[in-house]
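To keep things clear, I will list the structure first and then write my remarks on it.
The values are calculated or read from the model by the stated rules, or taken from the named source; none is laboratory data. Remember, predicted model here, so these are calculated numbers, not experimental data. All Cβ positions, glycine included, derive from the backbone under ideal geometry; neighbour counts span all protein chains shown. The accessibility values were calculated without ligands, DNA or RNA, using every heavy atom of the protein model including side chains. Shrake-Rupley method; radii C 1.70, N 1.55, O 1.52, S 1.80 Å.
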Amino acid sequence: MRFPNKYQSAGLGIIGAVLCVGLLMGCSVFRDYSGDTCDGRKPVGSLEQAGRDLVSAAYAADRGGVCRVTAPFPGGVLDDAMVAKTREILAERGITPQNVTVLVGEQMGSGVAVQLTDGSNNASRAIDISGTVIRDDGFTVGLPTELYPEVPEHPASPSASTDPAS
């Protein structure tokens with residue numbers, strides 16, 4: 001009877017440890033977040049962090065930083081103009097990286113109401129953005145709603161026509 005050598009045993013032990021850790025962590029180490037986060041990386045740890053990071057990245061004109069904390073939107077690609085417009089909206093409301101306050105509201109499924117404010121109680125200076133819970137792995141936020149391109153409504157398909165000639 002032949003016993004495995006010490007290198008084979010060590011290799012099997014390492015493989016077993018990786019499998020056990022993967023099972024215990026729910027395989028989050030191996031998860032792909034494409035479709036959940038703009039950059040496909042693991043979402044950030046809190047909505048507060050996502051909101052603060054969004055404001056800081058917008059002021060720095062850092063498209064990658066904005067993408068880091070936002071969710072992708074259907075049919076759209078985050079561009080520099082959207083980042084610049086986000087900064088413009090923030091500046092109009094007096095919200096800066098130094099004074100931003102992130103208010104987390106009610107959760108509705110995976111969606112969460114989130115507001116960015118300048119730290120005052122002046123509701124006219126607040127910006128409503130959406131927050132999203134990505135499983136139990138973290139959070140993303142959206143951009144101000146006026147930045148998202150409007151999705152045209154799809155007309156009825158020709159096959160659904162009630163035209164008797166067809």
Could you please put V133, V55 in sequence from largest to smallest accessible area, using a 1.4 Å probe? V133, V55
S120 versus A81, label points 7 Å from Cα toward the beta carbon: distance in nm? 3.2 nm
If every alpha-carbon in segment 28-102 counts as one equal scatterer, what log10 I(q)/I(0) does Debye give at q = 0.21, 0.25, 0.28 1/Å? -0.92, -1.17, -1.33
Taking 30 Å as R0, compute the FRET efficiency from the Cβ-Cβ separation of A113 and D32 and round it to 0.05. 0.60
What figure, in Å² to the nearest 10, do you get for the accessible area of Y148 with a 1.4 Å probe and non-protein molecules left out? 60 Å²
